[in-house]
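Each remark here refers to the structure printed beneath this line.
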Amino acid sequence: MRWIAAIALVVGLAGLAFSDERRAPGVRQARSVGSPQDGRLLHGRRLRETPFIEILPHAAPRGRRFGTEELVGVLTRAAGAVADKHPGSTLRVADLSARGGGDVHMHASHESGRDADVAFYLRDAGGADARPPRFVKMIVGRSADGSLVFDAARNWTFVEALVADRRTTVTHVFVAEHLKALLVAEARAAGARPGRIERAEAILTQPRGAFPHDNHFHIRVACAPEDRPECVDGTRRSRRR
Ligand SMILES: [Zn+2]
């Protein structure tokens, strides 16, 4: 019977590889079902590491790297936009959804392939790019010990790319109010288009009565039209990250 198991394994692995990596580019296969808090993900696309996307070491073994094409696409494009404008920048990503979606330990949402947690772009006190291997809490623009600084310029470039993306509608970027204020001030100082600032102000949100999101961005994208009505945008706020 061992050969049956071996064949099943090979077929299974081939299937997994096909579902994640070998699909034709541009073909939309992932489907988000249900809401971020109670949902599933069918044929999710795996977020791949690139020269400007890195999976945080604590998150990598959990394997929550799956999302819809819209989510994976917008993260990849926005990270690329930051790296174009600020060479050497890397977006550090933690959890998206599990393969297949569903309950994810430590998160109230992240169930339907439309949520992602990403670290802030940070600098050290001397102004150099800093990439700590974890999320770092910001207290008014700095870490508690003052050694790391919220890089408003790069974080605004990232948020602007999310807002301006033509293929994906980002509905929420959960982040603490004091960091939102820094981002909006940066956008104004940088002369960003008023329409983009207005849109950013609408989607940058500190969830009320919940984890304040002062150590990472939580990004949520809209249901793709093709996934409705099974996909539900959902307005319930995330209690945890
Ligand atoms: Zn989250």
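The values are calculated or read from the model by the stated rules, or taken from the named source; none is laboratory data. Bear in mind the structure is a predicted one, so any value in this text is a computation, not a measurement. With ideal geometry, Cβ positions are generated from the backbone for all residues, glycine too; neighbour counts draw on all protein chains shown. Keep in mind that these areas ignore ligands, DNA and RNA; they rest on the heavy atoms of the full protein, side chains included. Shrake-Rupley method; radii C 1.70, N 1.55, O 1.52, S 1.80 Å.
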When the chain is modelled as a GNM with alpha-carbon springs shorter than 10 Å, which of 167, 142, 65 fluctuates the most?
167
How much of the accessible area of the chain, probe 1.4 Å, is carbon plus sulfur, in whole percent?
56 percent
Additional length obtainable on full extension of the chain from residue 153 to residue 181, 0.36 nm per residue less Cα span:
8.8 nm
If you count, for each residue, the other Cβ atoms within 10 Å and average over each peptide, how do 189-196, 202-209 line up from highest to lowest?
202-209, 189-196
Using helices alone, what [θ] at 222 nm do you get for the chain, with -39,500 (n - 2.57) per DSSP H run of 4 or more residues, divided over all residues and rounded to the nearest 500?
-9500 deg cm²/dmol
With all pairs of different alpha carbon atoms counted, what Kirkwood hydrodynamic radius in Å does the range 32-227 show?
16.6 Å
Need the C-alpha centroid separation for the range 42-93 versus the range 148-218, integer Å.
18 Å
Mind ordering 83-95, 150-162 by average Cβ neighbours within 10 Å, highest first?
150-162, 83-95
What accessible area per residue, rounded to a whole number of Å², is obtained for the range 121-241 using a probe radius of 1.4 Å?
49 Å²
Per-selection Rg to Rh, the range 117-241 - Cα, Kirkwood hydrodynamic radius
0.99
